[in-house]
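Visitor: Okay, handing you the structure first.
The values are calculated or read from the model by the stated rules, or taken from the named source; none is laboratory data. Just so you know, these numbers come straight off a predicted model, no measurement behind them. Here the Cβ is made from the backbone with ideal geometry for all residues, glycine too, and neighbour counts use every protein chain on show.
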């Protein structure tokens, strides 16, 4: 059964190869492969849900010679989110790129990206993770430049180079660990790793490389232009999924592999950078002139919240309170995945319809595209953290944790970030009205509007009203509140 | 002001480099713990090849190599998405043309040799593919606009051949109950040779196509000089 862990990587890889070889049918091949990939990802999640953690070693050599794959609750939660969000993006992309020459370039790269994404979530080997990160970064940058516009190519060339620097820094840390401990398997390494200066250097190198890839303030400079200039389905994938892969890796390495040396001081540094991201990202989102740039800066801020959890996790002993914080951090990451994908897909429809995405000139969009505006409003409420969205619960647990550990200084950051988020979301919504008379039907283009709407809806209802499963799959007790 | 900043940056970078050097030194000074190299050599006989590098790349860590082939493909797809290929260079004079007529077949022959020898000595698919790629680059430089590559449909199949055969073999083994890329005893050698042969062709074609530098098929794209040459030999 654990043999099946390879499927979420293998299926999109085969699909991507076939879509490359058959450019005329790439949309059909791509859609079918997307469906199969999504099913395989959800299947693995279901297996973890039913049977607990899964693990296998490829090639029949066992560790440390072979490469391990493993899926625990954290992997399964992110795999499920990625499967649903990427499926919605694929359906949207089928309509977005229909009849365009970009379709034959989009599908192969998109499936390779998806393969690498699932590969990151399932890998149990530090070098294998490096290969996955390379594939992820390369296909993401190529997809981001797909419009062929000058700004898009410049922004994504920078993204590619920054991503390479991040991967190489990560690889330097891996090389140190291998030299010192003689294995690349995360499980084995965890048993051998002690609080040595070498492990601390490796931690610093690997986390800074990954922080660069996940756009943690002040290493976020490459993200807004790259995400804002990509085609809408690609922006959604970059913001909702690709930055989550490196965040997932930081969370896993920090709380598992490097648990003996990742102390409160280092965690507070990450928390401070996160606080900077929340304030700066939200402020720049509020000042942004364009809808997609606003969404990109909002991603910078939302990544910041995830890092606010680190100092709190570091100062709590194992127990229910720490479990709650961990699950809340994962819940916020999942919610942001759904919400930001929905937001970007909807923003792409606005841009197509209006011919631009300048926020000040968006008057009347709400009446012309009710379903799209509704998606932006729903996703926006999840970004702000209004109840009943998943990020409301996340922020609630975050603030409670800050109270309980006496680290009150994270509270004003969270409150201020939330107020700024409310301001930038309502700034968009307030511009969207103003057309008289209110005409027409709710949905204007089902194939592209429904995926955006479902994603936005999921971020609010699925993860907010039913947060319990997130706690359950991570192996914790009941959700709070 | 700017010079001060540059100086400060330089000092900080030097400090960082010193710190890293110290970490490297400290790591190397450690008691040599368990290493994978001994283990890999100890089980070399079971891998179906006698070159330890090939054993690591195609057997112990075959999954990594499969994804490296996908990385190579993603790079080429990125190049193709940016536009059609430039027209290429003017046709070479008789001396160079005669030399190319010798070098290209020799490079292909040497590639085949490297592929075969990889089973027991330094060599293998990546080295062989690099030689094929070099042959393509030489053809392109000598004024062959297609660099010896076939038309777009065949070229697309060739660039996915390596990862394709690799993944299909892996998936086939999974479906027949051995586990993904777990070779059945006794068949490892031939399966590895099959994968490596496909990978050699794919790597050679991918490197050449990357050098050509744009989407195939449109054939006579104009470069800066506005000349286009589609003369076939």
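Visitor: I'd like to check something: does segment A:19-30 contain any residue that is away from chain B (no Cβ under 14 Å), surrounded by 18 or more Cβ atoms within 10 Å (Cβ to Cβ) and touching a helix residue (DSSP H, G or I) at 6+ places or on another chain (Cβ under 7 Å)?
Guide: yes
Visitor: Residues being in contact with a helix residue (DSSP H, G or I) (Cβ under 8 Å, 6 or more places away or on another chain), free of Cβ contacts under 8 Å to residues at least 60 places away in the same chain and surrounded by fewer than 22 Cβ atoms within 10 Å (Cβ to Cβ): count how many of those fall in segment A:260-283.
Guide: Count: 5.
Visitor: Same structure again: Would you check if residue B:61 is without any contact (Cβ under 8 Å) to a residue 24 or more places away in the chain, over 27 Å from residue B:137 (Cα atoms) and touching a strand residue (DSSP E or B) at 6+ places or on another chain (Cβ under 9 Å)?
Guide: yes
Visitor: Can you name every residue in segment B:27-42 that is modelled with pLDDT of 75 or more, more than 7 Å from chain A (Cβ to nearest Cβ) and outside any helix (DSSP H, G or I)?
Guide: B:29
Visitor: Do we have any residue at all in segment A:298-317 that's without any contact (Cβ under 8 Å) to a residue 60 or more places away in the chain, over 22 Å from the mean Cα position of the chain (by Cα) and surrounded by fewer than 21 Cβ atoms within 10 Å (Cβ to Cβ)?
Guide: Taking every residue of segment A:298-317 in turn, at least one turns out to be without any contact (Cβ under 8 Å) to a residue 60 or more places away in the chain, over 22 Å from the mean Cα position of the chain (by Cα) and surrounded by fewer than 21 Cβ atoms within 10 Å (Cβ to Cβ).
Visitor: Now for a different question. More than 20 Å from the chain's Cα centre (by Cα), within 14 Å of chain A (Cβ to nearest Cβ) and part of a loop (DSSP other than H, G, I, E, B) - does that describe any residue in segment B:77-85?
Guide: The answer is yes, given that some residue of segment B:77-85 is more than 20 Å from the chain's Cα centre (by Cα), within 14 Å of chain A (Cβ to nearest Cβ) and part of a loop (DSSP other than H, G, I, E, B).
Visitor: Show the residue pairs that are 6+ apart or on different chains and have beta-carbon atoms under 6 Å apart, the first residue being within segment A:284-297 and within 17 Å of residue A:336 (Cβ to Cβ), the second being in a loop (DSSP other than H, G, I, E, B).
Guide: So the pair list comes out as A:292/A:357; A:294/A:288; A:297/A:288.
Visitor: Has segment A:217-240 got any residue that is away from chain B (no Cβ under 14 Å), at pLDDT below 95 and more than 23 Å from the chain's Cα centre (by Cα)?
Guide: no
Visitor: Let me ask something else. Can you pull out every residue in segment B:68-92 that is surrounded by fewer than 15 Cβ atoms within 10 Å (Cβ to Cβ) and closer than 30 Å to residue A:106 by Cβ?
Guide: Within segment B:68-92, B:83 is the sole residue that qualifies.
Visitor: Show me the helices (runs of 4 or more DSSP H) entirely contained within segment A:87-185 in which 1 or more residues are more than 9 Å from chain B (Cβ to nearest Cβ) and touching a strand residue (DSSP E or B) at 6+ places or on another chain (Cβ under 9 Å).
Guide: Correct list: A:103-122, A:126-144.
Visitor: If I go through segment A:1-17 residue by residue, how many of them are free of Cβ contacts under 8 Å to residues at least 24 places away in the same chain and more than 8 Å from chain B (Cβ to nearest Cβ)?
Guide: Looking only at that region, the number is 0.
Visitor: Can you confirm whether segment A:47-70 contains a residue that is buried (at least 22 other Cβ atoms within 10 Å of the Cβ) and within 18 Å of the chain's Cα centre (by Cα)?
Guide: no
Visitor: I'd like the residue in segment B:43-67 that is in a loop (DSSP other than H, G, I, E, B) and buried (at least 21 other Cβ atoms within 10 Å of the Cβ) and, out of all such residues, is farthest from the other protein chains (Cβ to nearest Cβ).
Guide: Among residues in segment B:43-67 that are in a loop (DSSP other than H, G, I, E, B) and buried (at least 21 other Cβ atoms within 10 Å of the Cβ), the one farthest from the other protein chains (Cβ to nearest Cβ) is B:49.
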